């Protein structure tokens, strides 16, 4: 089925009109129906069609969210949570219209428990805001998906990014959360203990559910101590295979690498041009090590030895902050660097994840596919986890480009799934990957549907995402 | 409500008789109804009453489990999974009778993927059997709850133990699993990629669900590289507070301690007597560090400095295997050491978990409570996680002892919950903690009930556990 068919839904016009009338009285100026605001709250970061909500409510409290959900439940109107709008698979689109709940104003850091290495925040806090707030405590929140996303959104899509190989994903770093469920009830999923065996893991059920089961209004997050020393560097390799094999050896040896990122030759070319770097245009690994002074030196030297063994190197590493910052800024600018390869074209970000033993094979086959169909599509990857991104550049106004893109993404996902991998390591399903989740999980999707129907019998919570009911 | 009331359920006599007839034809000698076998498959590790199943089937395949579940669904008969019977809260009891599914014969190690640091196994494999199998690969499975439990059982109860502070719990170390659901369908929850954002986290939903949603018939587990060097030692402290403060400082400093275990003064006395150790009878921390030769030396010295700061020490550490083995054998023998304190009495193992900032306070108050009610109840704890165990010694035939025990456990759980902790860090709810989960999670338990009803509408999967429907 084409994506356009998958994401088509019917609208409940009278319910929507009634709900907006009621909510307008409750929220006044905090409810907006202007075209520009509604467009901005639907999806804009992909080639997917923009499907606007009918109104946007700027909420300030859990109670606000409960009030909206109750009104929407009474009138069977969709409720779509919105953080910063940086999700990549159409998660904030409103295929059946409805109310967008903008949580960006819920941006209080409620408490930081330094002794317990945790904090409780509202969902609109962004990861950069949290880390700025934490600066003087000696602690930091490690998950870094690139975009300065809201932490509620990051939890909803089970985001991760460059640090996941060391610190895990949002799955591992949310201790507890409060979510407003489809019946308007606010449910707290766990207490603040670092582990628990008390019943079903509701925290992990809500994390990654993309707003389809509840709207997150509070998060308790694990924090990490800022390491005494950080070292990093870039290491070139003769081939993607050589780089991947070095990664496997590094992980097997138990080197606690904090980041290990693959950048393929085309992406290196883009980075070099965009960020004025002095590196070879060959596949490279970007690395970072966290630990004591002695520890990061030992890790760096151990890695240099592994790189050498696989024909890579030289691995020039440094503890100097300025040089490392320049390095990671370049890596984070990958998206802009890609766009600069072909001005006026749109860069589409897509991701898959495979067991790392299959990573080299998967990337090489993907590079061949890209060459055969004549796409411009650089690759970067969080290779310690087997996760990589492809960023095809397309003319979104050209139906042939869309068709070529969709068939490329279909082959990419089929390839990852055939290698015992997943159609998304960290972007989520949203609308963009709905065509692949059944292929990946089969009867598991029926279990998801049963849970969805039990917890949201009216299908008002971000409907038309992850799977069709 | 008293525990005895919570765990009472009605039996479906005719359904049970019919199901056993049908299953007898299908399984022949592999279905047992003898009293001794049935008793052994109900709960024996606690003071809870033994509630026998009506038959035990020794299964060999996922298909066997599917056949049993389908017959039991047709006749509304409970199905209770059984691994090694080492669970501690009555998880394998059969309050409404039914069929015990003994998975210990499903003990094949299906594959080890050394490059991906994972393996796929059947649920009856024990953790010791897995580690013995892995010995020559340079890999190990880190989760160690003490007992040589089956890995299926460990997943079902979300077990953890001494290594969790470094390697996480079963929640973090199951990549994927296959479970036979209440409709007889076998569902695989994820593929073998190390991370995924594809839909609801069914893996984490089944892990810790104690057989109430499905029966695990296959597990894919994360493995770790055996560290180059291991160091360890015991460090005495003047008080529980001093020891806990040293733990907090260690974690905050980011020392990647592999194990950090608190043993209180009474438990030390028991260990010293039982294992003939030459240590002071004061609160002690047992520690272990994993890393390179230089790394474990640095970690050990850093910790020694912290211990000194809090009035503890001397911290004598060693890389020598024999001495470390003796140390951890003593720690693992805690249960037997406790029993030896008062021969003929039963040692009841109970656990709670609190934020580590509250740990000292929680243990000190618990020690005072123990003294006031005149229990003999040593304490050991996985203090890096804020998790500790109390092991009251009781005469299980004396109703006054049972009453005193139950009221002590009720106060212990209320204390932990009031400190933003959980009524169980790693033992699960089973029957023993059913009285506390609502106090801990409130409306969260309603969400669990909705999920249970959706996935097991006939309530045949290990009924009468975690919560009453």
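Read-outs throughout are calculated quantities, based only on the coordinates presented, and are distinct from any laboratory measurement. Quick caveat, the model's predicted, so the values are computed rather than measured. Heads up, the Cβs are rebuilt from the backbone with ideal geometry, glycines too, and the neighbour counts pull from every protein chain shown.
List of remarks:
- Cα gyration tensor of segment B:279-343 - equivalent ellipsoid semi-axes, whole Å, descending: 26, 16, 8
- Between segment B:290-343 and segment A:185-247, the alpha-carbon center distance in angstrom: 30
- Estimated D of segment B:199-258 in µm² per second, where Rh is the Kirkwood radius over Cα pairs and Stokes-Einstein applies at 37 °C, 0.692 mPa s: 203
- For segment A:116-165 versus segment B:118-139, the spacing of their alpha-carbon centroids is 35 Å.
- Computed from label points 7 Å out along Cα-Cβ, the spacing between residue B:319 and residue A:301 is 1.4 nm.
- Here segment B:109-225 is treated as a sphere whose radius is the Kirkwood value from Cα pairs; by Stokes-Einstein at 20 °C and 1.002 mPa s it diffuses with a coefficient of 152 µm²/s.
- At 7 Å out from Cα toward Cβ: residue A:109 inter-copy label distances (nm, ascending): 4.6
- Relative compactness, segment B:295-391, computed as alpha-carbon Rg over 2.2 N^0.38 Å: 1.28
- Axis angle, to the nearest 10 degrees, between helix A:13-27 and the longest C-alpha principal axis of chain A: 90 degrees.
- Set of segment A:33-48 residues, backbone N closer than 17 Å to the point 7 Å along the Cα-Cβ line of residue A:24: A:33-38
- Rounded tilt (10° steps) of B:265-275 against the dominant C-alpha axis of chain B: 80
- Restricted to Cα atoms, segment B:142-189 shows a radius of gyration and a Dmax of 12.3, 38 angstrom.
- Relative to its Kirkwood radius, the Cα radius of gyration of the protein assembly as shown gives an Rg/Rh of 0.96.
- Over all distinct Cα-Cα pairs of segment B:360-419, the Kirkwood formula returns a hydrodynamic radius of 12.0 Å.
- In this assembly of identical copies, the label point of residue A:14 (Cα plus 7 Å along Cα-to-Cβ) is separated from its counterparts by 4.8 nm, sorted shortest first.
- For segment B:1-73, Kirkwood radius (reciprocal of mean inverse C-alpha pair distance, Å): 13.8
- Both numbers refer to the Cα atoms of segment B:158-245; Rg and Dmax are 17.9, 57 Å.
- Kirkwood Rh (inverse of mean 1/r, distinct Cα pairs), chain B, angstrom: 23.0
- Fewest neighbouring Cβ atoms within 10 Å first, the residues B:169, A:46 line up as A:46, B:169.
- Neighbouring Cβ atoms from other chains, within 10 Å of the Cβ of residues in A:200-213, number 6 on average.
- Alpha carbon Rg of segment A:53-178, scaled by the compact-globule rule 2.2 N^0.38 Å: 1.12
- Shielding by partners - mean other protein chain Cβ count within 10 Å, residues of A:430-442: 2
- Expected-Rg normalisation [2.2 N^0.38 Å, Cα atoms] applied to segment B:33-105: 1.04
- Note on segment B:237-309: along the principal axes its Cα atoms extend 35, 25, 16 Å, ordered by decreasing extent.
- Placing a label point 7 Å from the Cα of residue B:238 along the Cα-to-Cβ direction, the distances to the matching points in the other copies come to 6.4 nm, shortest first.
- With 5 Å bins from 0: P(r) over segment B:336-442, alpha-carbon pairs, percent: 2, 13, 24, 24, 21, 11, 4, 1, 0
- Taking the C-alpha atoms only, the angle from helix A:240-252 to the longest principal axis of chain A is near 80 degrees.
- Cα centroids of segment A:367-417 and segment A:1-63: 30 Å apart.
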